[in-house]
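Asks: Please find one structure pasted underneath; my questions will follow.
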Amino acid sequence: MTVWEALAVFGAGGAAGAINVVVGSGTLITFPVLLAVGLPPVTANVSNTLGLVPGSLSGAFGYRRELAGQGRRIRRFGTAALAGGLIGAAFLLVLPSDAFDAIVPALIAVALVLVVLQPRLAAALRARRARNGTTVRADGGALLLTGIFFASMYGGYFGAAQGVIYLSLMGLLLSEDLQRLNAVKNVLALFVNGVAALFFLFAAQIDWLAVVLIAAGSALGGLIGARIGRRLPPAVLRGVIVAVGIAAITQLLLR
């Protein structure tokens with residue numbers, strides 16, 4: 001790797017760390033750069049996952065105020081995220097990617113539709129529950145837990161736009177401020193990246209120079225992203241989510 005290639009990887013790590021904290025989909029920045037500097041696809045994906053762990057950690061730390069009072073929710077969702085992330089990481093090494101990759105753009109598209117319609121859908125659900133005399137479950141019920149498990153499985157496998165999927169699911173099924181949900185999303189991404197990274201340490205080929213460069217960049221980017229993201233109003237944050245999601249779909253369809 002030349003000096004310029006190393007700088008490109010470091011810069012991609014910084015951008016990915018920032019965008020992962022605000023929305024997700026930072027992998028769509030780092031993964032193509034790693035391919036461009038000559039890493040094989042699986043090695044690039046594995047090295048990218050390890051490198052993004054510090055960015056996930058710094059992003060979760062940056063959102064610590066919004067995490068207050070959400071300990072029980074994080075423990076519940078975190079268990080599903082860890083299990084799903086580990087299974088997804090195993091899938092990366094043992095399954096052909098063609099079939100799984102084919103459904104990813106559709107999955108992100110559905111998530112974006114949910115993000116756009118989330119305020120109306122959530123209001124309709126609240127109205128229906130009020131008519132039926134029921135209340136919103138604080139944990140989202142089995143449906144949300146199942147959705148987080150499968151989103152985490154996808155995250156362990158590839159990870160692009162898993163944050164979009166998390167936010168769409170939680171925004172629809174929880175009555176909560178979007179910034180607080182974004183804080184939970186950052187912790188779940190940390191769990192998924194962390195457990196996948198541990199698995200890859202013992203089961204995959206790793207380019208350690210790429211890992212170090214992305215780790216340094218993503219840690220810095222995560223802190224910057226947290227400062228920016230937590231100041232965005234819900235409508236603006238939702239618009240950023242949609243823009244990044246559309247970019248993710250476009251890149252996945254063209255690659």
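Asks: How would VAL46, VAL53 rank on accessible area, largest to smallest, probe 1.4 Å?
Replies: Result, largest first: VAL53, VAL46.
Asks: Which order do ASP207, ASP139 take when ranked by solvent-accessible area (1.4 Å probe, heavy atoms of all protein chains), largest first?
Replies: ASP207, ASP139
Asks: Would you mind calculating the gained length between ALA36 and ARG64 on full extension (0.36 nm times residue separation, minus the Cα-Cα distance), in nm to one decimal?
Replies: Difference between extended and current length: 6.5 nm.
Asks: So what are the three principal axis dimensions of segment 1-62 from its Cα atoms, in whole Å, longest to shortest?
Replies: That works out to 33, 23, 16 Å along the principal axes.
The values are calculated or read from the model by the stated rules, or taken from the named source; none is laboratory data. The structure displayed is predicted, hence computed values, not measured ones. Please note that ligands, DNA and RNA were not included when accessible areas were found on the heavy atoms of the full protein model with its side chains. Shrake-Rupley method; radii C 1.70, N 1.55, O 1.52, S 1.80 Å.
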